[in-house]
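Notes follow the structure.
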Amino acid sequence: MIRRLLLLSLLPALAAPAFAQTAPAPAEPPAKRNLEIDDLFRIKAVGSPAVSPDGQWVAYTVRTSDVQEDKSETQVWMVPVAGGEPLPMTAKGGSASSPRFSPDGKYLSFLAARKGGASDEPETQVWLLDRRGGEAQQLTEVPQGVSGYEWSPDGKRLVLTILDPSPEEVERQKHKEAGTKPARSKATPPHVIDRLQFKRDYQGYLDRRRTHLFTFEVATKKLVQITSGDFDDRDPAWSPDGRFVAFVSNRSAEPDANENADLWVVAADNPDKGQTLIQVTRNPGGDSQPAWSPDGKWIAYVANPKPELLWYATRQLALVAAPAAGAAPAAPRYLVEKLDRNAGSPQFAPDGKSIYFLLEDSGEDHLARVQVADGALSRPIAGARSVGDFAISPKGLVAALVSEPTLPSEVFVLDTTKPGAAARQLTTVNKKVLDELRLVDMEEVQFKSSDGTSIEGFILKPPAFTPELKYPGMLRIHGGPTSQYSKSFSFEAQLFAAQGYVVIMVNPRGSTGYGEAFCKAIFADWGNKDVQDVLAGVDHAIAQGYVDPERLGVGGWSYGGMLTNYVISQTTRFKGAISGAGGGLWTAHWGHDHYQLEYRVELGLPWKNREVWERISSPFYNVEKITTPVMYMGGALDWNVPILGSEHMYQSLKAIGRTTQLVVYPGEFHGIRRPSYQKDRFERWLAWYAKHVKGEKGN
């Protein structure tokens, strides 16, 4: 017995060398799972990259949503370019936006509405954070708040974008300065309207208050108004010497009646509130997004030279000479006109020899670079499928938001001073949740529409896809219509794929990224060629053998909801549909939504051009042809595509005994923002399609 115990006591010691020589078995990676609705609130949205002047840091925003608290908030973060842990620069519990580094790099500024500042009822102000330490300090004290700002080149001033104060705001400020309390609040005064454009989604009824520009001295907090008048001023940009500010404004006789917007220049030390201005461009269409060259001799901007085509026209990257005293406005030069693709967000390279900009091209969003001298074009971030925003430092470091089908936007950096350098991912905000998920890639497909037109689309297959099986198909239609599906992360598409659908995403005529002729093909002709194109995408997927033609769903939001109504009024092949923020009887939208100008340009006045208005209202007049069970959804306060349109369609279908449902989200505008409503919307989508497309019971 003693001998046995002795042997047992020696076993661990005798066995130890053997264990020491054997490597431990690698841990099995956790099994990945399919995307779920609640992941919407775990995936964070990264935005607004800004690079420090020395190129050592990148600031950015991170938006998070909490369905339990039913709110979203945005924080400013900063991460070293060399790599390392990101630092939160603003606290949780509030929202901050628009991070900017001061020109000397000592301060990080941002916009925020915070309690504990100078106002008891906080409005959005500019806040300043000393990077050497300490708490952020409120910099501006504008009673009605600040909507935008930019640093002057010497860092001594800001240019602020400020909306004229309301009478109530003026009254509150008077009492604050006098140290008295305002009278008890009375009933909200009536809206008294005399403008042609009298409402906007998210803004409500419009009055004569306008947005103007002010300079603000950081040291003294002196505020000086530099533009004025019955016009809105936006997109301010300082000249390199700090003497002037370029901006965008429609200063025609009736700004609400046309698409015009020109570039103007005002002196930063302006004693007459913008009565003395220099007009830089005279394009009858919209000019926007001015950017000065480093030597101050040129201004790059984005132009729409064809206002008669509205948003269907190709947005051009333009270059114009900076104004000289006494000289007439110079003619612009379009740098990539032959490319016939939309350009945006121009920024000069530090040496002034080239311009970086965003470029839409065939289902991709590129960071592009054009040489000013000869127009040579390049795309510096090779292989990037979707670049959403970017910033460039004085030393040539680019920070860009890059997304791919399985990667929500993250910050990537590129050193443009090193030829051939590749972009490097700098942030990994969503790594933890992405490591858990089994996401699917996008398959790019090309096919012919019924009239032979070449169309591009994307297909996402279920994570456990088996080609021998037939899956329910889900046609998703993008809004706009002048936008495009791109090779970027789409929570919506990934969710439907995770639910076992083959997701079909088509860029029909009317989409951007394929040239002006392709885009304007649906001008005043909605629900015709674009219907043919999206149905051709469904036919293509069915022809591959893995989509069940008897189990098809369709849906979209905004123009996607509108086009859904056109589709189901022209075919009965879909077993379930969801039309979000759509419509069908367009005459009823005249004077009710905010598109008065766009309607007049594209469709004409409804009582003078009745044939066009009646033709595009075909979903309403063909309502008895709709047999697809359809759910209508929208925000109660939407003035972009008002819930009125969905109510028309719902009431009509209900009156003739069709299967339909109407879901209205209280207090919501065109986009559904409240997290609990976002979750509710996805749950209703999945349940409706599960019942009517998949044929599942209990939904």
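Assorted remarks:
- The GluC sites (Glu not before Pro) found in the stretch 642-699 that occupy coil by DSSP, while having at most 16 further C-beta atoms within 10 Å, are GLU696.
- When only Cα pairs below 8 angstrom with a gap of at least 6 residues are kept, the stretch 439-692 shows a relative contact order of 16 percent.
- Spin-label proximity, ARG438 to the stretch 494-513 - amide N less than 20 Å from point 7 Å beyond Cα toward beta carbon: 494-504
- Value of relative contact order over the chain, rounded to a whole percent, pairs C-alpha under 8 Å and six or more apart: 9
- Whole-number percent relative contact order across the stretch 335-437, with pairs defined as alpha carbons under 8 Å at least 6 apart: 16
- Per-residue 3J(HN,Hα) values for the stretch 217-223, derived from phi via the Karplus relation 6.51 cos²θ - 1.76 cosθ + 1.60 with θ = phi - 60°, read 7, 5, 6, 9, 6, 6, 10 Hz in sequence order (x marks Gly and Pro).
- Using the Karplus relation 6.51 cos²θ - 1.76 cosθ + 1.60 with θ = phi - 60°, the per-residue 3J(HN,Hα) values for the stretch 452-458 come to x, 5, 6, 10, 10, x, 9 Hz, with x marking Gly and Pro.
- Where Rh is the Kirkwood radius over Cα pairs, Rg/Rh for the chain: 1.01
- Amide H within-cut-off set for TRP298, under 5 Å, with H built and near neighbours excluded: SER293, ALA322
- Once backbone amide H atoms are built at 1.01 Å from N, ILE672 has no partners under 5 Å, excluding neighbours fewer than 5 places away on the same chain.
- Rounded to the nearest 0.05, the FRET efficiency derived from the C-beta distance between GLU468 and PHE523 at R0 = 45 Å is 0.55.
- In this structure, the pairs whose alpha-carbon distance is over 32 Å, taken from LYS156/LYS353; LYS395/LYS487; LYS395/LYS431; LYS44/LYS697; LYS156/LYS186; LYS487/LYS679, are LYS44/LYS697; LYS156/LYS186.
- Chain lengthening between GLN279 and ALA183 when straightened (0.36 nm per residue, less Cα-Cα): 30.0 nm
- Table column - 3J(HN,Hα) (Hz), the stretch 306-312, Karplus curve with 6.51, -1.76, 1.60, x for Gly and Pro: 10, x, 5, 9, 6, 6, 7
- Fewest neighbouring Cβ atoms within 10 Å first, the residues MET505, MET474, MET89 line up as MET89, MET505, MET474.
Bear in mind these aren't lab numbers, they're just calculated from the coordinates by the rules spelled out. Model, not experiment: these values are computed from the prediction. Using ideal geometry, Cβ is built from the backbone for each residue, glycine included, and neighbour counts are taken over all protein chains shown.
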